[in-house]
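Novice: I'd like to ask you about the structure that follows.
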Amino acid sequence: MPVRHDFTERPNTIPWPPLLLLAGIAAGVALGAWLPIPVSPPAAVQIAGYFLIAIGIAFDFSAIWTMWRARTNILPHKAAGELVTSGPFRLSRNPIYVGNTITLFAMAFTFSNLWYAIAALVMALLVDRLAIRREEAHLAARFGKTWNAYASRTPRWLL
């Protein structure tokens, strides 16, 4: 008989998002060295890549700061103490994951390594399946109608 997960307690037992980000970076480095996909973006695209990396990291730190100010847990496998809807959470229900994805994707152009873009897409898909859906079930169980109202007006990613 399968064990049912109590989403009110916590969303996950494994902190998937940071592990997947590290795996994506490692995959980009390893595959770029062993099976390079030649890409030579113009200097302007490489500069734009640095700019996008900065935006991704800024998204991450802004979300972390907003959660810290709300005195709620930031670890993706621990229970949420508060429903944070301010700061970057007005633009996305998952600004840290948006920031991680932007950063990893931009690394493809900055470092002329297309594997980072592929890793970003795989990471985003896995984060959605392994973390976001469980986190949203957790938030719905803990915050009910308040969560539902927030989720109905705020996109999961940016679109």
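Read the figures in this text as sums done on the coordinates, not as results from a lab. As the structure is a prediction and not an experimental result, all values here were calculated from the model. In this analysis, Cβ positions are derived from the backbone assuming ideal geometry, glycine residues included, and neighbour counts consider all displayed protein chains.
Novice: How large is the charge dipole for the chain, taken about the Cα centre, if only the Cβ atoms of Lys, Arg (+1) and Asp, Glu (-1) carry charge, to the nearest 20 debye?
Specialist: 480
Novice: Which order do ASP60, ASP128 fall in if you start with the one that has the fewest other Cβ atoms within 10 Å?
Specialist: Final ranking by Cβ density, sparse to dense: ASP128, ASP60.
Novice: Sticking with this structure for a sec: Roughly what % of Cα-Cα distances in the range 60-113 sit above 17 Å, to the whole percent?
Specialist: 41
Novice: Ignoring the sites themselves, what is the longest stretch of the chain with no trypsin sites (Lys or Arg not before Pro) in a DSSP loop and at most 12 other beta-carbon atoms within 10 Å?
Specialist: Result for the longest clean stretch: 72-159.
Novice: Continuing with the same structure: Could you work out how far helix 43-69 tilts from the main Cα principal axis of the chain, as a 0 to 90 degree angle to the nearest 10?
Specialist: Compared with the principal axis, the helix lies near 20 degrees.
Novice: Please work out which option in (1) 15.0, 44; (2) 17.0, 57; (3) 16.8, 65 gives Rg and Dmax of the Cα atoms in Å calculated from these coordinates, and answer with its label.
Specialist: Recomputing Rg and Dmax of the Cα atoms in Å here gives the entry labelled (2).
Novice: What net charge is computed for the residues neighbouring THR154, neighbours being all others with C-beta under 12 Å from the C-beta of THR154, Lys and Arg scored +1, Asp and Glu -1?
Specialist: +3
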